[in-house]
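Read the structure below first, then the notes.
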Amino acid sequence: MKTLFKKLFTVVFLVFWVSSCEEDDNVSFTLQEASENVAFTNTFSGSYLLSAETSSNIAERLVWNPVDFGAPTVVTYTLEGSVDNTTFEEISSTTETNIAITVAKLLEFAETLGLDNDPNTDDGAGNPNNTGIVYFRVSAAPGDASAANAPQSVSDIIQLNISIIELEETTGPGMNPIAVSAFGLVGDAINSFGGDGPDIPMYTRGDGVHFVAINNPGEGTEFKIRENNDWGLPNYGPGDSDGTIGDSGFDNFVFPAGDILIISVDIDNLTISIDTGDSWGVVGDIINDFGNGGPDIRLTEDPEQPGLWFALGIELEAGQTKFRLNNDWTTNWGPDGSGGLSMGSFDNFQVDAGTYNITLDLRTTGSEMGGFEQQ
């Protein structure tokens with residue numbers, strides 16, 4: 001009798017269990033409208049500065065609030081962008097509540113808008129052709145966002161003001177652009193007076209003045225100024241009095257004491273100045289092992305625009321770089337991720353192998369900029 005009772009109990013239990021499983025399989029949920037409208041929660045910058053050298057940086061991380069549709073399902077958020085606030089293209093989708101927008105993506109929109117970094121072009125109305133507006137919106141939908149007639153929430157449209165950095169604009173209004181000069185410095189500690197490579201190039205605006213800042217190759221070592229790395233062309237040593245130059249045969253200038261020297265030569269008026277002072281430089285893994293393998297690449301300050309530093313035609317290997325003052329880490333600048341600079345930043349500029357024009361613009365406090373423009 002007990003055995004029969006156990007068998008009957010087991011059968012009843014199995015029937016009840018199967019019935020319960022079937023009921024569980026038929027449980028359904030009704031999707032509702034979003035708990036709240038999806039909306040961006042960022043505080044946006046007034047303008048996003050763009051350059052090819054910072055293309056791998058994150059320009060902005062777009063963040064929004066989470067929403068739910070009254071059911072235990074994932075929510076897919078889709079970010080879209082537009083250049084005309086009418087036709088939107090999908091950029092990315094995620095189940096998170098943020099998506100990073102890179103400088104490279106904003107440069108793609110800039111190209112669609114016809115923007116460029118050439119200061120000699122304009123928008124057809126005489127205005128600079130390097131600024132524009134890009135529009136973004138985000139939508140939220142349950143599941144993978146593919147279900148027909150599923151509820152959806154779409155944010156208000158926000159706009160980002162973008163601006164491509166025009167490095168050559170920093171030559172200033174009414175000024176000729178700075179270019180690499182035909183004249184350079186030749187010396188025993190520089191290149192064995194021409195026997196071990198080219199001279200240190202100087203810069204000019206084509207007005208007869210040639211200038212450069214250099215790491216001192218050695219106090220007491222000698223140098224001259226010559227044209228096109230050629231002794232057969234004009235070359236200059238000390239003149240008849242201090243601060244002058246002349247075709248003085250075998251007489252040479254002597255480098256004074258000082259880690260950094262600022263040299264300016266006026267070929268037309270046959271004068272020279274050699275000063276010591278502060279100078280910004282470029283440090284990096286591919287330059288000097290971030291300072292462990294010698295001095296930084298020296299930047300020269302524009303004599304007509306104090307605070308604007310540059311180096312032109314610099315060969316770099318692929319790697320990371322940043323700016324610092326006087327070969328020292330006390331004062332240094334790195335990228336801020338939005339096209340500007342951040343003091344003491346641990347972030348570095350990433351460059352590909354190539355020839356670069358380098359600019360560091362510290363003329364306006366709070367709007368410091370720096371860039372590596374590949375030729």
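The values are calculated or read from the model by the stated rules, or taken from the named source; none is laboratory data. Everything numeric in this text was worked out from a predicted model, so none of it was measured. Because the Cβ atoms are built from the backbone with ideal geometry, glycine has one as well, and the counts that use them run over all protein chains shown. Ligands, DNA and RNA are excluded from the accessible area calculation, which covers all protein heavy atoms including side chains. Shrake-Rupley method; radii C 1.70, N 1.55, O 1.52, S 1.80 Å.
Worth pointing out:
- Each DSSP beta bridge with both residues in the chain is either parallel or antiparallel, and the antiparallel ones are about 95%.
- Measuring r between the beta carbons of residue 268 and residue 363 and using R0 = 25 Å, the FRET efficiency lands at 0.35.
- Equivalent-ellipsoid semi-axes of the range 83-161, from the Cα gyration tensor, Å, largest first: 33, 13, 9
- Estimated at 0.36 nm per residue, the fully extended path between residue 90 and residue 219 surpasses their Cα-Cα distance by 40.3 nm.
- The range 293-366 - percent of accessible surface contributed by carbon and sulfur, probe 1.4 Å: 47
- Overall form of the range 294-370 per C-alpha gyration tensor (a/c, 1.5; a/b vs b/c): rounded
- The chain: C-alpha gyration tensor shape, a/c 1.5 cut-off, then a/b vs b/c: prolate
- The range 264-374, relative contact order in percent, only Cα pairs under 8 angstrom and at least six apart counted: 23
- Computed helical MRE - 222 nm, the chain, DSSP H runs ≥ 4 contributing -39500 (n - 2.57), nearest 500: -3500 deg cm²/dmol
- Residue separation of residue 156 and residue 207 scaled by 0.36 nm, minus their Cα-Cα distance, works out to 12.9 nm of gained length.
- Degrees separating the helix 103-113 axis from the principal Cα axis of the chain, which is the longest one: 90
- The modelled label-to-label distance for the pair residue 229/residue 352, using points 7 Å beyond Cα in the direction of Cβ, is 2.6 nm.
- Excluding ligands, DNA and RNA, the accessible surface per residue across the chain is 52 Å² with a 1.4 Å probe.
- Net lengthening on full extension, residue 111/residue 179 (0.36 nm per residue, minus Cα-Cα): 21.7 nm
- The range 222-288 - convex hull of alpha carbons, volume per residue in Å³: 129
- Gyration tensor analysis over the Cα atoms of the range 182-323 returns equivalent ellipsoid semi-axes of 26, 17, 14 Å (largest first, whole Å).
- Crossing angle, helix 2-25 versus the chain [Cα axis fit, 0-90 degrees, rounded to tens]: 50
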